[in-house]
Structure formats: C-alpha cells, structure tokens
Amino acid sequence: MIDGTKSGKGKTDHLLQVDDHDFTMRPAFAGPAIPVGVDVQVESLDSISEVDMDFTMTLYLRHYWKDERLSFPSSTNKSMTFDGRLVKKIWVPDVFFVHSKRSFIHDTTTENIMLRVFPDGHVLYSLRVTVTAACNMDFSRFPLDSQTCTLELESYAYTDEDLMLYWKSGDESLSTDDRISLSQFLIQKFHTTSRLAFYSSTGWYNRLYINFTLRRHIFFFLLQTYFPATLMVMLSWVSFWIDRRAVPARVSLGITTVLTMSTIITGVNASMPRVSYIKAVDIYLWVSFVFVFLSVLEYAAVNYLTTVMDGKDRKLREKAREQSLPCTCGMSHTRTMMLNGTYGETDNNSLAGYTQAPIVPEEPEKQERIVVHLSLDNESTSTKKKGLRGFRIMNNTHAIDTYSRMIFPGAYIIFNLIYWSVYC
C-alpha cells in the first residue's frame, strides 16, 4: 500500500475521496446524532457598549468531529492541514452565534480558516471570528454595577437528533488571554454552560454558552460625576454665609450651581441608553440637584421675609414719627427723644411758635442733681447705641440662614451614608 501523504503526484481530492461521497449530508446520515465537540480561545474583548447594549469579541472557534468519509491511508499517522478552499467541498457543522448583530471571519492576508484531517477521519475545523452580540444589561445600579454577558453557539439546521453539540473538555474548553483588559470594566470570570433550546416550529437544539462577568471601575465616575456634583452642592451652601441683602451675589451663585448640575445630569444621560427605570447615578445626581435647588428657594424665602420685615419697620417708624412731639424742659438746650431710643439736642430755632417760659434760677443743689442725671443719661445713651449696632449686625443674618448652615450639610451627609452603604 502506498502512503498517500508521501506521494507528490496524489491529489487532495483523490486522496480524501471527496468526489466519491455526497458531502451535502452529515456523517452517519440516518444514524445516531453526530457528536461535535467545541472549544473556544478568546483573543480579545474589544468593546462593551452601554448605549447599544452589546459587546464585541474576537475568538478562535474550533470544532471536532469524525467523518469516516475523509479517512485516508497513512503509515505515519500524520494529519493533513488545509486552508478554507477545501471547506466548501466537505461537510462542516453549521454553528452560528445566537443573538449576534454582526460577525465576520478575518481574511487578512487570507481567510483565517484551518482544516486538519487525521487518517482515521477525525477533523479539526478552526476559524478566527469577530462577533458583536447583544447583552441584556441591568443599569439599576449603574455605575456601581456588574454585568453578565453571554455568547451563545448553536447549530442552525440540525436538531439534537442529528447533531450533538458539546464542550469538548468541559470548563477547560474555554481559554482566555491573560492580557485581556477593558478601560471601564474588570473581567471577573469566564465559564461555560450548555442546555437545550426549543423552537416551536423546528424542535430542540443543543446550545452552548460562554458566560463572562464584568465589574465596572468606579474611579472614572467618581472623578467625572460624583465629585463635581458634591462640590456643586457644597458651593451652594456658601450663600448661607453671604449677607442676605447682597441679592446679586446670592442669586448668581444659586443659578450657577443649578445650571452646572443640569449640565452634569445631561452629560451622564447622553452616554446611557434610554431606560425606563431609575439608575443609581440618577438618584445621587437628582438628590444633589434638589439640594442645590432648595438653597435657591431658601434665599427666596429669606429675601421675601426680609422685605416684609422692612415694610413693617418702615410703617412703625412713620407712625412713631407722627406721634412724637417736641419737648421743652425749661433748659436752653432741650433734649428730644429719637425713634431709636437715643436723645438728641435741638436748636432753639426748632421751638419757634412756642411760648418759652421764663427761666427761674434753681437752687445749687437742684442744679447739681440735674447735672448728675444728664451725665447718666449720656452714658446710657452710648450703651444703647452700641447695643443697637450689635443688634443690627446680628439681624443681618436671618434665622433661616442660621438653621440652613446646619440642616443642609447634615442632611446631605446622612444621604451619602445611606447611598454608599446600599450600593457598595
């Protein structure tokens, strides 16, 4: 017997007897299901898209089966390796990716397909594929979330009665490159599973699953979202220490923080799918927005109450001015009581139209008593002026501002403690 592997004149088609068999039918047609083992080597995990809710992966997909029609005589038991041109002439498993959006076989510099045939008819069929498949993501805990994506393989035409698809070496059938990394995710684990899938019109099919879990890196979102939002909330508290009569300063500060928070919220949502449920980052940003907005409303209340108080004081001042009368106490320089409780000296000219009583000289003891009383009045007047000045300074800080300095930071700290304890 001549070893065909050493014969330079033998043709591949003649050696494998390709023309002598009908390869449109599977091996062992009308017999038991043909076992097809599968293993996968993940070369790279190219991208994860939250907006499109999919992932892109490049992998080496290898199939193992036995087709006795491809057996050939060989004394050395060496296999023969072919490129993709022979694949079109023989039977190969029709495995496809379930829920895939796009996929292609690499073709640089030639099609990345390899077919290896052993003398006993065992076949290894390997190809390099890039596939983009859907991944059902749950963003309720975004960006403190973990996502589990699945790549599913299945025969398109052959049910479990004709083709038995299985992982060739169990969990060891899936291998990954240790250098695989993603900018936003930490790859926690890869694992394989398999089960039957049922279609009402065609039947049961063997389906293989490549599962991998990704945990999102939080540091990027801390720098880009959480820290700016927290700083804007803290900046809005500065208005509580600004004089309540400085309207332009407090209004501009409040409007600036509100607009900045709106910009942060818009930027985060622009890079996310339009889901109908609330995400963890939405809770933090909207609560922060409410704190900023409440600081603006707080100043609106302070300004309104200040205006009302000023109006009441003005009316009382006018009423007191109308009821006050000039006083002549029989002295050349008379003292009149002012509205603020102090005393001022009036001119003799201000008493025009009034009849002055003749000044009767008083006894020396009485004069001394009067001098003493006047000096005490002067001292009490200066004390009253200092007290009123201090009262005005204290009155410039409204009671609402004083309480807000404690309530706003305290409430925000409590919210942060609850938020991070729940989602971390």
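The values are calculated or read from the model by the stated rules, or taken from the named source; none is laboratory data. Note that the coordinates shown come from a computational prediction; the quantities given were computed from them, not determined experimentally. Positions of Cβ are backbone-derived with ideal geometry, glycine not excepted, and every protein chain shown enters the neighbour counts. These accessible areas exclude ligands, DNA and RNA; they are computed on the full protein's heavy atoms, side chains included. Shrake-Rupley method; radii C 1.70, N 1.55, O 1.52, S 1.80 Å.
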Among the candidates Val42, Val38, residue that is modelled with pLDDT of 85 or more, in contact with an Asp or Glu (Cβ under 8 Å, 6 or more places away or on another chain) and closer than 19 Å to Leu127 by Cα: Val42
Yes or no: Arg244 under 30 Å from Met137 (Cβ atoms) and of a type in the set (D, E, K, R)? no
Any hit, the stretch 69-79, residues being under 30 Å from Pro273 (Cα atoms), surrounded by fewer than 18 Cβ atoms within 10 Å (Cβ to Cβ) and among the basic types (Lys, Arg): no
Considering each of Ser271, Ser295, Ser276, Ser252 in turn, give the residue that is closer than 20 Å to Gln184 by Cα and among the small types (Gly, Ala, Ser). Ser271
Need pairs with beta-carbon distance below 7 Å; first residue of a type in the set (Val, Ile, Thr) and within the stretch 147-158, second in a strand (DSSP E or B); sequence gap 6+ or separate chains. Thr148/Asn211; Thr148/Thr213; Thr150/Tyr209; Thr150/Ile210; Thr150/Asn211
So which pairs qualify, if the first residue must be in the stretch 297-310 and in contact (Cβ under 8 Å) with a residue 12 or more places away in the chain, the second must be part of a helix (DSSP H, G or I) and among the acidic types (Asp, Glu), the Cβ gap must be under 7 Å, and the two must be at least 6 apart or on different chains? Val302/Asp401
The condition of being more than 20 Å from Leu45 (Cβ to Cβ), in contact with an Asp or Glu (Cβ under 7 Å, 6 or more places away or on another chain) and among the small types (Gly, Ala, Ser) holds, among Ser169, Ser173, Ser140, only for Ser169
Return the pairs, sorted by first residue and then second, in which the second residue is open to solvent by 20 Å² or more (accessible area, probe 1.4 Å) and aromatic (Phe, Trp, Tyr), the first residue lies in the stretch 126-139 and is at pLDDT 95 or above, the beta carbons are less than 7 Å apart, and the residues are 6+ apart or on different chains. Ser126/Tyr60; Arg128/Tyr60; Thr130/Phe104; Val131/Phe97; Ala133/Phe97
